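The values are calculated or read from the model by the stated rules, or taken from the named source; none is laboratory data. Keep in mind that this is a model prediction, so the values were computed, not measured. Ideal geometry is used to build each Cβ from the backbone, glycine not excepted, and the neighbour counts take in all protein chains shown. Note: accessible area is taken over every heavy atom of the protein model, side chains too, but ligands, DNA and RNA are not part of it. Shrake-Rupley method; radii C 1.70, N 1.55, O 1.52, S 1.80 Å.
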Amino acid sequence: MINDRDRVSDGFTSLEGGMDSGKSPALLRPNECSYAKNVSFRGGFAKTRPSFKKVGLSGSAATAFTEKKFQGAQWFTTDGDEGYIIAVAGGFIYKIEPPAVDGNDWTVVDVTNGAALRSTPDRVWMVQAKENSIKNYLVIQDGMSVPTIYDPIGGTRASDVDNKEVPQGSGPMAYGHGRLWVAQGSNFLAGDIANSASGVLKFTENEYIAGGGSFRVPLGSGDITAMEFTNSPNNALGQGELFVFTQNGAVSVSVPANRYDWFAATDPAQKVVLINNGSMSQFSTDLVNGDILFRAKDGIRSLVMAVRDFTQYGNTPISREVNRILEDDDPAYFKYSSGVLFDNRYLLTTNSSKDNAKGVGFKGLVVLDFDLISGMGQKSQPAYDGYWQLDLTRSVGGSDTTVNIEWMGLVTGLVNSVESCFCFGRQGKVTVGTSLSATGDTEMWALQRGESGQIFDEDGTTDNKVTAEVESSSYVFGVPGGAKQLESADLWVDSVTGGVVSFSTYFHPDQYPAWISWQDWSINAAYKDCGTDVATTCDGGTAYIPQTYLPQYRPRMSIGAPPSGSIDSAGHTYNYGFEFAARLKWVGRARIKMFKLNARNVPEVPYAEVDSIDSTQQKITATCEDGELKIPEL
């Protein structure tokens, strides 16, 4: 440590508090940051997010599936908790099955069997209703026509609605306590209980409830947008109440556990649990232990917290920390957002992008981590990893161009007993020269777990380095209101691998609205090569022995003096101010152990009294690096 009385330092080490853009950077705690992109804070330190890997698709229907408009996907669980994906594109139904050998392509087969759905809806709804190992169905609704029933044994067919099979609904469905539930506008009704004489696809027992017919959400709350059963321990099925959501609220339904209680009930207990803010999307409504998270009109909401805080003025979303990301979402497309729980993170698609031919996509994910630091003696609160985006370098119009993969649907399931997350996306439009490219075909990607060890985003044939960034809080260096001159910065990193890792730093004084470029540099951490040792091959020849290397670290990389240009509107130089914020950006895989700004306490620059201040109009101009997320730079 330099012994200099007027020299002061401030910065961050661990950032387990995650991203919080809901308050001023000057009010953040030492373990929080103002913004994070492609970063994971699991373990406490900021590091490059887990990688994506493109999944190869082959089989007789692979081309047809990828070229058609994607309409939805669902994991179909078979016996032994393994399974495969059922996807709908252009009104056709496809089975996407994992390979027998890890690393091979997934096989796509058309299982429509003449029971095609409408090709126009941007999304279809699906729910699995498993009666037993023989009677295991997937019910698909497009909201416009007779439901389709996928039966892996009997074949795909249309529902026999004339004989009281699954009726046409408006979309959302749920399966729990052995019954299939179907929404019809603001009404909802239940099918017969599993393993009864009629079977789970029939809808006859609902008529035996006093009054018959269907149930209805409270008048004025709108059409049903989502239906979900909660988890409940210490009961036979592990399921609790059914929650029925509209855009403006939610009701809970206590479902009788067996058919005799069902017949005896005069009316299933239905209670209003939420008012004003319900779920906007069935696809984003997901179970998180005993809670349900969902995309609401005003952000991400937790059912448990919303009910708990119902009588309080502070009944707010749990996503104020990521408002900077969510505020660009178009409300018209909230109903297509997709959310899943994977690797103890809630992933939600955000930043919508509509294409008339390919449907609705989203340019990135908002990520809420429930397992930042966890152990027998310590457990951190959930925090936001921020915004995750998949950008790749591809050839478009003969030029290498950065493209964004827009997500359309997220699916989780067990593959070889390992929880896996699959993301269906497409290449977004990009301008090359004066031409705007078309939206790409459907692609399937696997999001790796945090401990996978995969270094790059793997695009089948190319490796793409991840660009990550963190914006710090605004530091006062222990002297609020005291003038400082920014002199330098220090950065400590480890877990550096994958070859060249490039770093860029930016800063701004006080509330200056643009980031000022500070310094760019690179380090090179070898991670593999063909080796220099020679071995004898099976055919008697020779070959080099490949070698891999351990991740590296760099202690205290010093960043020199910042630029000292003038801010006309404030009347002083860039490196003079009362507080300073920093932005750190790196391309490649690394972990940030510590970042420190160094400044010097200086005499305050005299400033004219208020009534003598020059009233001449001033301007601040900047270029915008990211139009969606509003990150201006000089």
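When only the Cβ of Lys, Arg, Asp and Glu is charged (+1, +1, -1, -1), the dipole of the chain relative to its Cα centre reaches about 300 debye. Here the chain has 50 percent of its accessible surface on carbon and sulfur atoms, given a 1.4 Å probe and all protein chains in place. Once all protein chains are placed together, LEU27 keeps about 120 Å² accessible to a 1.4 angstrom probe. Taking only the C-alpha atoms of the chain, Rg followed by Dmax gives 27.8, 91 Å. Taken per residue, the accessible surface of segment 54-173 reaches 40 Å², heavy atoms only and a 1.4 Å probe. Calculated accessible area for segment 403-487 comes out at 37 Å² per residue, all protein chains present (probe 1.4 Å; ligands, DNA, RNA ignored).
Against the compact-protein benchmark of 2.2 N^0.38 Å, the Cα-based radius of gyration of segment 409-556 scales to 1.54.
Global size of segment 324-432: 16.3, 56 Å for Rg and Dmax (C-alpha atoms, Rg to one decimal, Dmax whole). Reducing segment 92-127 and segment 340-369 to their Cα centroids gives an inter-centroid distance of 20 Å. Mind grabbing the base-10 log of I(q)/I(0) for segment 70-155 at q = 0.13, 0.26 Å⁻¹? Debye formula, identical points on the C-alpha positions, no solvent, two decimal places. Rounded to two decimals, the profile gives -0.41, -1.38. Projecting the Cα atoms of GLY565, THR225, PHE41 onto the charge dipole of the chain (Cβ charges, centred on the Cα centre) puts THR225 farthest toward the positive pole. Calculated mean residue ellipticity, 222 nm, the chain: -500 deg cm²/dmol, from DSSP H runs (n ≥ 4) at -39500 (n - 2.57) each, averaged per residue and rounded to 500.
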